[in-house]
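Rule-based calculations on the coordinates, nothing more; no lab input. It should be emphasised that the depicted structure is a prediction, and the values quoted were computed from it without experimental measurement. Cβ: placed from backbone, ideal geometry, glycine included. Neighbour counts: every protein chain shown.
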Amino acid sequence: MTHATSESPAGQSASQAAILVGFAEALAAIEVIWSLRAAGWEVVAFTRAGAKPAARRIPGLQLHPVCPPEIDARRTVEDVEALVRAWRPAAVMPLDDYALWVCSRAKLDGAANAGAKGDAAEAALDKQAQLHAASEAGLLIPPTEIVDDLESSTTSPFPVFVKPGRALYEYEGRLVRPTGTICADMSELASASTRPWNGPLLVQPLLTGSGEGLFGHASDVGVVAWSAHRRIRMVNPQGSASSCCASTPVDASLTTPAEQFLKLLGWRGLFMLEFLRDKEGRPWFMELNGRPWGSMALSRRRGFEYPAWSIKATLDPLWSPVAPSAPPDLRCRHLGMELAHLAFVLRGPRSEALTNWPRAWPTVADLLRISRQDRLYNWDRHQPTVLLADTWATLKFYLSRVVRSKQ
């Protein structure tokens, strides 16, 4: 196993202006690195040992392997601590839930943590706690049954969505990330109960509608720089990250309860709140993303530099971002995920509850439809190999999942 070294690379001197980010293979990594570099910082990144993230194609980026938390989470913490001692960064920014867990437990030796800390970090990984705070703040939450295992579930009626109560679980010294599933009836629920679950589990009615994201920057004086998007397509129509999303006006009825929700959590810095808006127009709270989100490209193309803003506010608590005065309306697409979306559509649904599955030829027509408002994730004309590497890595990841699901 390769671990992080305790010294800076040969020819490199430790820099107080450097920002340490990770994991470099996170969905938001490339856009976050570009955001920080555009603001004038040197960026250093940690990556899982053995991984080949597309971010490695960013010219001049220093990448350092650490023990994967899926193998030994405590060793990952030690490896990140070694990198902090070596580089003495001004700040550390976790880019996904794994890194949020690691950075909230690491001794950062004088570096500022630009991610969630303390109780806020715990809430960012605890979906049950998020639902409680959302309800207290006045946000609409789905009826939820909380169980330790599916065999004890008494939920009805079907269909239901079963999801883990936490984003991550520490199990036998390693981090595991179970995924949710949809159950159309008792038979599918019984089948799902045979999967290896870590409790608690959340069982909710399967809601249908349009996914939306609400974004902003939380500070001591409140939330500023609100923005929003709606999902057009998800990689897996059953539920996953968006492969295509579009800007949408901020729902003014959500900002007050959302701000109260963040206040209850003691939240600071960037955030994303996920909602599902049903056919009646009701926005149901789904979860908080307490770290940079996968669709960061859309925010950045519209002038919302949330990553750089979070670093600036972390280093200077009196600083506050100014939102762009006239952000353009755009649609942003992830090339690799759009192609993977087609593969999932062709594979077909995994549950009888998914009766509105996209059809193949309309999906192809939608994917080929391009407008002037379209932008791409992870595209910079001065660094074209980054997009190529990201597309190839994405296709390998998702297509392997499609193949495994057929076996």
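In degrees between 0 and 90, to the nearest 10, how far off the longest principal axis of the chain does helix 29-38 point, with axes built from Cα atoms?
Between the helix axis and the principal axis of the chain, the angle is about 40 degrees.
Taking a quarter of the surface of the Cα convex hull of segment 18-114, what do you get in nm²?
Details: hull surface 21.5 nm².
Computed as one quarter of the Cα hull surface, the answer is 5.4 nm².
Net charge around Lys52, counting only other residues with Cβ within less than 11 Å of its Cβ (Lys, Arg = +1; Asp, Glu = -1)?
Working: positive: Arg48, Arg56, Arg57, Lys396; negative: Glu25.
With Lys, Arg at +1 and Asp, Glu at -1, the neighbours total +3.
When the convex hull of the Cα atoms of the chain is projected onto a plane and the area is averaged over all directions, what value comes out in nm²? Walk me through the numbers on the way to the answer.
Numbers: hull surface 78.6 nm².
Reported value for the Cα convex hull: 19.6 nm².
Just in segment 203-279: which trypsin sites (Lys or Arg not before Pro) are loop by DSSP and have at most 13 other Cβ atoms within 10 Å?
Lys279
In the neighborhood of Leu140, defined by Cβ-to-Cβ distances under 15 Å, what is the net charge if each Lys or Arg adds +1 and each Asp or Glu adds -1?
Net local charge, Leu140 excluded: -4.
Could you work out how much longer the chain between Gln260 and Gln62 gets when fully extended? Use 0.36 nm per residue separation minus the Cα distance between them, nm to one decimal.
Details: separation 198, 0.36 × 198 = 71.28 nm, distance 3.91 nm.
67.4 nm is the gain from fully extending Gln260 to Gln62.
Would you please give the residues with an amide H less than 5 Å from that of Arg166, counting only those at least 5 places away or on a separate chain, with H modeled from the backbone geometry?
Under 5 Å from the amide H of Arg166: Lys127.
Compute the label zone of Thr194 within segment 135-177: residues whose backbone N is under 17 Å from the point 7 Å along Cα-to-Cβ.
Once the point is set 7 Å along Cα→Cβ of Thr194, 150-152 turn out to lie under 17 Å by backbone N, inside segment 135-177.
What is the mean projected area of the alpha carbon convex hull for segment 143-205, to one decimal in square nanometres? The partial results should precede the final answer.
Working: hull surface 15.5 nm².
Computed as one quarter of the Cα hull surface, the answer is 3.9 nm².
Taking K and R as +1 and D and E as -1, what net charge do the other residues with C-beta under 11 Å from the C-beta of Gly110 add up to? Present the calculation step by step, with values, prior to reporting the outcome.
Numbers: positive: Arg85, Arg88, Lys107; negative: Asp109.
Result for the local shell: +2.
Can you give me the C-alpha center-to-center distance between segment 302-350 and segment 54-89, rounded to a whole angstrom?
24 Å
Which log10 I(q)/I(0) values, to two decimals, does segment 53-109 give at q = 0.17, 0.19, 0.22, 0.28 Å⁻¹ under the Debye formula with one point per Cα?
Ignoring solvent entirely, the Cα scatterers give -0.57, -0.71, -0.94, -1.29.
Treating the angle as unsigned and between 0 and 90°, give the value, to the nearest 10°, between the Cα long axis of helix 384-406 and the longest Cα principal axis of the chain.
Once rounded, one gets 40 degrees.
Compute the FRET efficiency between Ala241 and Gln373 as 1/(1 + (r/R0)^6), taking r as their Cβ-Cβ distance and R0 = 22 Å, and round to the nearest 0.05. Mind dumping the intermediate values first?
Working: r = 21 Å, r/R0 = 0.94.
Efficiency computed from Cβ-Cβ geometry: 0.60.
For segment 173-239, what D do you get in µm² per second when you plug the Kirkwood radius from alpha-carbon pairs into Stokes-Einstein at 25 °C and 0.890 mPa s? Mind dumping the intermediate values first?
On the way: Rh = 15.8 Å.
The estimated diffusion coefficient comes to 155 µm²/s.
Relative to a virtual label point 7 Å from the Cα of Ile146 in the Cα→beta-carbon direction, which members of segment 162-196 show backbone nitrogen distances below 12 Å?
The answer is 165-166.
Can you list the lysines whose alpha carbon is less than 27 Å from that of Lys312, not counting same-chain residues fewer than 8 positions off?
Qualifying lysines at Cα under 27 Å: Lys107, Lys117, Lys263.
Multiply the residue separation of Arg350 and Ala326 by 0.36 nm, subtract the distance between their alpha-carbon atoms, and state the gained length in nm to one decimal. Please list the in-between numbers first.
Numbers: separation 24, 0.36 × 24 = 8.64 nm, distance 4.25 nm.
Fully extending the segment from Arg350 to Ala326 adds 4.4 nm.
Give me the number: length gained by fully extending Thr208 to Arg230, i.e. 0.36 nm times residue separation minus the C-alpha to C-alpha distance, one decimal in nm. Can you show the working numbers first?
Numbers: separation 22, 0.36 × 22 = 7.92 nm, distance 1.40 nm.
Contour length minus Cα-Cα distance gives 6.5 nm.
Relative to the longest principal axis of the C-alpha atoms of the chain, give the angle of the C-alpha long axis of helix 306-315, reported between 0 and 90° and rounded to the nearest 10°.
The helix 306-315 is inclined about 50 degrees to the chain.
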